[in-house]
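Below is one structure, written out as structure tokens, with a few remarks after it.
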Amino acid sequence: MPEIGNSYIVTLKETYIMWGEYRHTDSRERIINEVYLPIPADKAREFNIYNSNRTGANTEYDVITSDNFLINGKLKAQGSSTAGSEYAKNLSGSGNLRLLAPWMNHIEAKVGDKIKIEWISSTKIKLTKL
């Protein structure tokens, strides 16, 4: 489980901020405003960020933004880079892949911007546009 002060920085790519539209699959319809933030594999291992493959793991985190735009949300650690891995590769709205879109629009996020993902408790994340 992550500890207070664990953090990493993501440089935004088109696929992160336009996931619902930028997909390279036809497994479902395109959906506007779906957003996710990646978790680098080394950080997932270092901080013990697990997905649902890990029995008993916490996969949900409260989320706020440093500008107080988002003050009450839930992110879910999910996905894996290899089948069956217990380490998560993405953070996205829990049950709502559009959760982060209003904040991304508010900060006028674009490809190349940097976002700091920081644990302010073992179960709470703060997002900051740098």
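The values are calculated or read from the model by the stated rules, or taken from the named source; none is laboratory data. What you are looking at is a predicted structure, and each value in this text was computed from that prediction instead of being measured. Ideal geometry is used to build each Cβ from the backbone, glycine not excepted, and the neighbour counts take in all protein chains shown. All accessible areas refer to the heavy atoms of the entire protein, side chains included, with ligands and DNA or RNA removed. Shrake-Rupley method; radii C 1.70, N 1.55, O 1.52, S 1.80 Å.
Numbers for the structure displayed
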item	result
Criterion: in contact (Cβ under 8 Å) with a residue 40 or more places away in the chain, within 20 Å of Tyr8 (Cβ to Cβ) and open to solvent by 30 Å² or more (accessible area, probe 1.4 Å) - qualifying residue of Asp42, Asp62, Asp113	Asp62
Residue under evaluation Leu70, criteria (1) in contact with a helix residue (DSSP H, G or I) (Cβ under 7 Å, 6 or more places away or on another chain); (2) assigned to a helix (DSSP H, G or I), criterion not met	(2)
Of residues in the stretch 74-99 being assigned to a loop (DSSP other than H, G, I, E, B) and free of Cβ contacts under 8 Å to residues at least 24 places away in the same chain, the one nearest to Pro40 (Cα to Cα)	Thr82
So Leu100, is it buried (at least 17 other Cβ atoms within 10 Å of the Cβ) and touching a Phe, Trp or Tyr at 6+ places or on another chain (Cβ under 7 Å)	no
Residues being touching a helix residue (DSSP H, G or I) at 6+ places or on another chain (Cβ under 8 Å), surrounded by fewer than 19 Cβ atoms within 10 Å (Cβ to Cβ) and either modelled with pLDDT of 65 or more or not charged (D, E, K, R) (or both) - total across the stretch 11-36	6
